[in-house]
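Heads up: the structure comes next, in structure tokens.
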Amino acid sequence: MQGRYGHDKLNTFIWIVAAVIYLINLFVRSPILVILILVLGALAVFRSLSTNINKRLYENNRFVNIYTAVADFFKRQYMKVRDFKTHRYLRCPHCKAQLRLKKRTGVQHIHCPKCGTDFKKNILF
């Protein structure tokens, strides 16, 4: 394996998607899904054995950036649901930063710690 790219997060994701499609195919029995599983497996093996390390690093970095953005979005949604009784989440109108405020109704004077601007927000519930 010397001089080869090896395994990374994108390969792990490809193998997991192939495994999920395989489990679905156990019930559906579609030849198209079998071909898709084989293509995904071949892609993962090709990426692992590739000697073009720079291109594989670029692909992995793009995947990690997208994966992180999606994971952060779902983490924020989970936090909003979890903290619904005690906190409110809103965005700064200037820098669009996500702010977490204690649950108090009425007009609040808010200072954004990221950009330093002060603004008022009426929180109804």
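The values are calculated or read from the model by the stated rules, or taken from the named source; none is laboratory data. Quantities reported herein were computed from a predicted structural model and do not represent experimental measurements. With ideal geometry, Cβ positions are generated from the backbone for all residues, glycine too; neighbour counts draw on all protein chains shown. SASA here: full protein model, heavy atoms, side chains in, ligands and nucleic acids out. Shrake-Rupley method; radii C 1.70, N 1.55, O 1.52, S 1.80 Å.
Couple of notes before you dig in:
- For R29, the conditions (1) of a type outside the set (V, I, T); (2) without any contact (Cβ under 8 Å) to a residue 40 or more places away in the chain; (3) open to solvent by less than 100 Å² (accessible area, probe 1.4 Å) are fulfilled apart from (3).
- Yes/no for R82 being in contact with a Gly (Cβ under 9 Å, 6 or more places away or on another chain), at negative phi and of a type in the set (D, E, K, R): no
- Residues of the stretch 46-71 that are in a helix (DSSP H, G or I) and open to solvent by 70 Å² or more (accessible area, probe 1.4 Å): F46, L49, N54, K55, L57, Y58, N61, R62, N65, I66, Y67, V70.
- Among the residues listed as K102, K55, K75, the single one being at pLDDT 95 or above and either under 30 Å from L124 (Cα atoms) or within 19 Å of the chain's Cα centre (by Cα) (or both): K75
- Considering the conditions (1) exposed (fewer than 11 other Cβ atoms within 10 Å of the Cβ); (2) more than 26 Å from the chain's Cα centre (by Cα); (3) in a helix (DSSP H, G or I), V34 is excluded by exactly one of them, (1).
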